[in-house]
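A short write-up of the structure that comes next.
The values are calculated or read from the model by the stated rules, or taken from the named source; none is laboratory data. Keep in mind the model is a prediction, meaning the values are calculated, not measured. Using ideal geometry, Cβ is built from the backbone for each residue, glycine included, and neighbour counts are taken over all protein chains shown.
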Amino acid sequence: MSAIKTAISTALIAFMASTAAYASDALVDAEWVQKNLDNPKVRIFEVSVDTGAYERGHIPGAANLNWHTDLVDRERRDIASREAFEKHLQAAGVGEDTTIVLYGDNNNWFAAWGAWVFETYGLGDRVKLLDGGRKLWEAKGLPLDSKATERVATNLKIKDRDPSVRARFTDVVAVAEGKHDIKLIDIRSADEYSGKIFAPEGVKELSVRAGHIPGAVNVPWGSIVNADGTFKTADEIKSLYAAKGVDGSKPIITYCRIGERSSHTWFALKKILGYDVRNYDGSWTEYGNAVGVPVSNPSGTIWTGK
């Protein structure tokens, strides 16, 4: 019996150490950033929902990645091409051994989406989020700089996209139809999930049907952050998802409205807990406009909230 207890204890310690490693590898705090502002091997990027925030004041030395121009393809609904993304990173001075720190407003909402884009191009192991993002940095009264940041350009070359990071429309339809044993997580608000509303207040409706993908569980993205914008502990996040039947034993797909809020959940599950997770960036604006797919709508709405 003692041997069994020892084995269980050893396994538990190993798991906890592994979880802690994910958290420490994925996140840095404000003090770490302060100490590394002048580190030539570190590059900081702001990715904020409010695209004017950077010009009003940013972390000294940080470069800006505008989420709706720099991180997307301007001619098709897609993330930025490898060539375009590579040019942005080269101009920002990112080299082959550079540590990349991302931060933004709204509890790192779009910064996490930026991290997902970096992951797609094979740079995920070099990316960290400033835990608490811009909100915590400002709350601490830490310095902001309005000057443009210039860096010596590099010859960085990045990889082609890794398809294993991204879920596609056909993937989630297969899950909805019971063809794959994959956990779907809808990270939108409870009212969006139920079909009571189509989009958050003040945000334009982009889908003709409301509701959620059948089989998806609802864990709003904001439930895994503290009041100061930092992530909750790994144990707290793990327990929250376990209560919804998500324990990492099966592959996971996250989705939201356009794929940005779900990237925040993707980051927590993938980088902090180490689960097998893909982000569905087509999300509800793709699925909710598709013809012939199953939709779950507990609120009973059909068209445009009626």
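Tell me, yes or no, whether region 275-283 has at least one residue that is within 14 Å of Arg168 (Cα to Cα), hydroxyl-bearing (Ser, Thr, Tyr) and in a helix (DSSP H, G or I). Within region 275-283, one or more residues are within 14 Å of Arg168 (Cα to Cα), hydroxyl-bearing (Ser, Thr, Tyr) and in a helix (DSSP H, G or I).
Take the conditions (1) out of contact with any strand residue (DSSP E or B) (no Cβ under 8 Å at 6 or more places or on another chain); (2) under 20 Å from Ile79 (Cβ atoms); Tyr255 misses just one of them, which is (1). Look at region 73-94: where a residue is more than 25 Å from Gly282 (Cα to Cα) and surrounded by fewer than 19 Cβ atoms within 10 Å (Cβ to Cβ) and a partner is at pLDDT below 95 and charged (D, E, K, R), sitting 6+ places away or on another chain with Cβ atoms under 7 Å, you get Gly93/Arg151. Quick one: how many residues across region 247-274 are modelled with pLDDT of 95 or more and either in a strand (DSSP E or B) or among the small types (Gly, Ala, Ser) (or both)? Number satisfying all stated conditions: 10. Contact map, region 216-237: first residue in the same structural domain as Ser189 (by TED's automatic domain parsing) and part of a helix (DSSP H, G or I), second residue modelled with pLDDT of 95 or more and loosely packed, with under 15 Cβ neighbours inside 10 Å, Cβ cut-off under 9 Å, separation 6 or more or different chains; pairs are Ile224/Glu236.
Filtering region 268-283 to residues that are in contact with a strand residue (DSSP E or B) (Cβ under 7 Å, 6 or more places away or on another chain) and on the phi < 0 side of the Ramachandran plot leaves Ala268, Leu269, Lys270, Ile272, Tyr275, Asp276, Val277, Arg278, Asn279, Tyr280, Asp281.
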